[in-house]
Each structure stands twice: as C-alpha cells, then as structure tokens.
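Visitor: Can you read through this structure? Questions will come right after.
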Amino acid sequence: MLVLVLVIALMLGGGAFAFFKVDPLHLFRPGPQAAEGLPADAVLYAGMDLEPTASQKIDALRFLGHFPAFRDSAGITDENTDVRRVLVAKLIDSLRCSAIDYTQDVEPWLGQRFGFALMPPTPSEERPFAVAVQVGDEAAARKAIAVLESCVAGAQGSPAGQAAGVAFANGYLLLSQTRADAVRYAKAAREHSLADDAQFSADVGSLGDAGVATMWVDVKAAVAAFGSGSGSLSDLSDATSSAQRAAATFRFGSDHVEVATSVFGDPTAVQHGDNPIVNLPASTVFAVSESGAGQRVAHAWDSSIAKARSQNLDIDKQISDFEAQTGLRLPGDLETILGSNIMLALDREGLTSATFAGADSSGLNLGVRFTNDPKKLDAIYDRLLGLVHSQVDQATPFVKLDVEDGLVIASNETYADKLGALDGDLGSSDAFTSVVDNGAGQEFVLFLNFDSVKNQVLQSMRESGTSTSTIANLQPLKAFGMSVMVDGDYVHATIRLSVDD
C-alpha cells in the first residue's frame, strides 16, 4: 500500500506536524466537512479544511500574528494565501519525484477538505481506518496517485503496481488498508455518510459555531469495538452511560483561541446558584471555583465504591484507615467540605519577582472559601486543626473567618475579609471576560490573569536565563480560562487563551 503510506504521511503525518510546528492555519470549515465522504459507522472522526470561512481565517491571522514565531516562519501573509501550496507543495517537492509537479498535476484536483476515520474492527483488521481527501477531478487524481505510488516504490526499492486501497465517494478520494476496504467504505458513504448521521450532527451542532478544527468520537462504540483485551479501554465500559459520545472544535477569535468540547451522555444534574468566582476582587490573579460538587459526590459515591469493590480493591479498609487517621467521615464530611461551592483564589497584591523565583512568599494573599452550613464546616475545621497541632507544634500560618454562608481560610485577615465579603467585580473585568463566557452560570471555572503579573513573570524568566525569543512569544499573552457546565444531556467545556489585542 505504497500510495496509502505516501498520502497519509503527506496529509496526516508529516503534514499534521508541519501544521502545528510551522503553520497553525490548518483550518477547518464550518459544517460536516470531510464527514460527507466517510461512512456513518465511523468510531472516530477528525477533519481539516485548508480554506476556512473568511472570518475564521482573518481571526486566525490576527491572533497568530501576535506571536513572532508565527510571523517569522509560517509563510502565510494574509487571508488569500493558499495553505495547500505552503504545505502540500513542499511535501511533494521533498519526495524528489520529477514525474509529478504540484502546480500542474496535483493542484488542479486537490480539494481543501481532508478527514480521517477509525472504523469498527474486522476479522482481518484490528484498527481499520479510512482517509478522505476532497477531489475536483477523479481521473486526474487517479493519474497523480499512480505516479506518486511509482515514485515512492522506486525510492523504497519495492515493486510498483501493488493494488492500492483507493475508491471515490461524494466528491472524496477514500484511502484504506486494501482496495476492498476502500470500495466498501465508499459504497457505505454513498448510502449513508457520517455527515448524514443524526447523532453526529447533533453532537457537532451542540458545540455552537464550528471552528477551525473538529473531532468526534463515539465513546460507546469505541469501547465496544476495541475494549476487549485493551486494558484501560475495557475499564471504561461502566462509564459510557455518562460519556457516550464526544465532540470538539478548535476555533479562533481575533484576540483568543479556544477548544470547545461537548460530551453526550447521562450527566448528573445539580442545583446551584451563581458561581461566586465572578464576585472576587478584580485584582485576582488565579482562581478555581466548583459549584455543586457536594451533590455530585453524594450521587456518585455508592456506585464508585461498588465499582471499586468489584475490582477486588481493599477499598473499605482504605477508607477505614483514612477515617482513623484524619477524623473525617466519608462520604458525609467530603460532601460538607465541597458543599454548594468551594473556591481557591490568589490576589495580585504581594506577587513580586521574588515570589515567582521562590525566594519570598510571606506577602501572598491566598485563600479558600467554603460555601455550606457554617456549623458543619466549623466542626470539620476543628477536627483537622487538632490533627495539625498534634503533628506540628507551632502556630498555624493562616487565619479562619466564619461567614454567614460558610467559612474562609486565608493567609491573612485582610484577604480573609475580602473573600468573606465577595463584593468584587472580577466577572466583568476585561481579562476574565476574554476567557470565560457567563462565568456566573458555569459549574466549574478556572481563571489565570497572566497580564496582571506578566512583568514580574517575564523579569523572573530573564533573570533565570530564559531565551529572548521565548519571552517575546509569551509577551502577547493575556489570560487563560476553563469553564464547564451541564446542559441537558451534554457536558460543555471550553478552554480559552487570550492575547492583548
């Protein structure tokens, strides 16, 4: 299968690495993309489009243009650049095949969309796959592939003319391990493609606006197909009710890049109010906040313990030993600690170059806020404090503050008061909104305001000898955020990185 090896190396192997290392603009087009040329029973799908919508390409260029490494080496100057030529032509040239020319023999038929699918196993193939390449002229594509196959065969000293796993369907060239597989997949795609599948369409649609990259996996089918004897995969069989399928998209804004994921299954719905992270001081540098975790522990505890027991783990003794050592009672005390919200926060005040170098941490403003019944939290605190004092004969380096809806533990009284009051406006700050949408409505939020400590961090890096090029590429960064929420049958998660625009 010389042609298959060639094309996969070209488009999905060396090409994929080149996209990430040289040209991040390996962009995807909104919609089903190459799923139109692949069978509906695919277990996993990944697609790419080298000519995305104009808005995505402009946003990508604006975002990536902030980084010197991209500007200096990508070879893409504006939204009209043909990314195929930047990438594919170079790869073909590297084959040193004088019988084929990219401009004359490949460019006229090579489309913009490419896809890869992992297919269900067969008696002869444990990991069958199909590659879809969009084509505009089937006859020209066949001719060019034959030439490429001969070139590769000659370079490797192997006989040419071997049967290639090539077929065509819905405007796509399909490649697989054997010709029989390719023909079978092409026939299946013509009858019912992955793009026609209702579940695939719903999962991809749940991501919102399609971005510059799309992936999809049928988790339940993957476990069923590849779980037997596959170690960790077989261990996932009990989890497929809560994670049956998953989709992800990679998209640009003019000042950020993000990965949005959507997992379909049977997630536990919890009742919780607004996430209090939005009420932290605007000077917050780092915060992580989880709402409803206590309810989730209560819901999942029995099934998790039953699963542990079924695997012959000595879980009951381990829990008993833990309770004896800590004075905690599981799962009740864990539910209390997590409560309706648990939040850790670090403020900008007190952060200096010396702090980042690890030389001085005494001025940090750091704390944890627990939202639950204050009396229950106090009882657990007293038990844990007694345990600490029994092990360490010195004063605790933190303060405790009781508040109406919970308890605060902080590095000093002033910051404890700030966490107790929760009257800040972090949720409306520019850095926060650049990486988190609707922070109050999210169940989980992680936030890092790099911009607010950038000078101290970069100064510390300079003093430690970090290269000027690395520092120059960190300079544009603004903030990082991650958020998770449950909406019906889907768990949505978004990871976003923003830059100073």
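The values are calculated or read from the model by the stated rules, or taken from the named source; none is laboratory data. Being a predicted model, the structure only gives us computed values, none of them experimental. With ideal geometry, Cβ positions are generated from the backbone for all residues, glycine too; neighbour counts draw on all protein chains shown. For the accessible areas, the whole protein counts, side chains as well, though only heavy atoms, and no ligand, DNA or RNA atoms are used. Shrake-Rupley method; radii C 1.70, N 1.55, O 1.52, S 1.80 Å.
Visitor: Could you please give the count of residues in the stretch 290-310 that are among the acidic types (Asp, Glu) and open to solvent by less than 60 Å² (accessible area, probe 1.4 Å)?
Guide: 1
Visitor: Criterion first (under 30 Å from Gly332 (Cβ atoms), assigned to a helix (DSSP H, G or I) and touching a helix residue (DSSP H, G or I) at 6+ places or on another chain (Cβ under 9 Å)) does Ala379 satisfy it?
Guide: The answer is yes for Ala379.
Visitor: Given the conditions (1) more than 30 Å from Gly273 (Cβ to Cβ); (2) outside any helix (DSSP H, G or I), which single one is not true for Phe447?
Guide: Going through the list (1) more than 30 Å from Gly273 (Cβ to Cβ); (2) outside any helix (DSSP H, G or I), Phe447 breaks only (1).
Visitor: Next question. Taking the criterion of being touching an Asp or Glu at 6+ places or on another chain (Cβ under 8 Å), under 23 Å from Met343 (Cβ atoms), modelled with pLDDT of 90 or more and buried (at least 18 other Cβ atoms within 10 Å of the Cβ), would at least one residue in the stretch 462-480 satisfy it?
Guide: Within the stretch 462-480, one or more residues are touching an Asp or Glu at 6+ places or on another chain (Cβ under 8 Å), under 23 Å from Met343 (Cβ atoms), modelled with pLDDT of 90 or more and buried (at least 18 other Cβ atoms within 10 Å of the Cβ).
Visitor: For the stretch 393-406, which positions are modelled with pLDDT of 75 or more and assigned to a loop (DSSP other than H, G, I, E, B)?
Guide: Pro397, Phe398, Glu404, Asp405
Visitor: Within the stretch 136-154, is there a residue that is open to solvent by 10 Å² or more (accessible area, probe 1.4 Å), among the hydrophobic types (A, V, I, L, M, F, W, C), in contact with a strand residue (DSSP E or B) (Cβ under 6 Å, 6 or more places away or on another chain) and at pLDDT 90 or above?
Guide: no
Visitor: Still on this structure, please answer the following. With respect to Pro128, is the statement that it is open to solvent by less than 10 Å² (accessible area, probe 1.4 Å), of a type outside the set (Ser, Thr, Tyr) and at pLDDT 90 or above true?
Guide: Yes; evaluated as a whole, the condition is true for this residue.
Visitor: Here's something else I'd like to know. Report yes if Phe432 is within 30 Å of Pro267 (Cα to Cα), open to solvent by 20 Å² or more (accessible area, probe 1.4 Å), touching a residue at least 60 places away in the same chain (Cβ under 8 Å) and under 21 Å from the mean Cα position of the chain (by Cα), otherwise no.
Guide: When the stated conditions are applied, Phe432 does not pass them.
Visitor: Residue under question is Ala180, and the condition is that it be modelled with pLDDT of 80 or more and more than 23 Å from the chain's Cα centre (by Cα); does it hold?
Guide: yes
Visitor: Residues in the stretch 218-225: is at least one farther than 29 Å from Ile92 by Cβ, part of a loop (DSSP other than H, G, I, E, B) and either at pLDDT below 95 or open to solvent by 20 Å² or more (accessible area, probe 1.4 Å) (or both)?
Guide: no
Visitor: Being surrounded by 14 or more Cβ atoms within 10 Å (Cβ to Cβ), out of contact with any Cys (no Cβ under 7 Å at 6 or more places or on another chain), at pLDDT below 95 and hydroxyl-bearing (Ser, Thr, Tyr) narrows it down to one of Ser353, Ser320, Ser390, Ser362, so name that one.
Guide: Ser353
Visitor: Return the pairs, sorted by first residue and then second, in which the second residue is open to solvent by 20 Å² or more (accessible area, probe 1.4 Å) and part of a strand (DSSP E or B), the first residue lies in the stretch 269-288 and is within 19 Å of Asp417 (Cβ to Cβ), the beta carbons are less than 6 Å apart, and the residues are 6+ apart or on different chains.
Guide: Val285/Leu346
Visitor: Out of the residues in the stretch 445-459 that are hydrophobic (A, V, I, L, M, F, W, C), out of contact with any Gly (no Cβ under 9 Å at 6 or more places or on another chain) and open to solvent by 10 Å² or more (accessible area, probe 1.4 Å), which is farthest from Asn341 (Cα to Cα)?
Guide: Only one residue fits best here, namely Val457.
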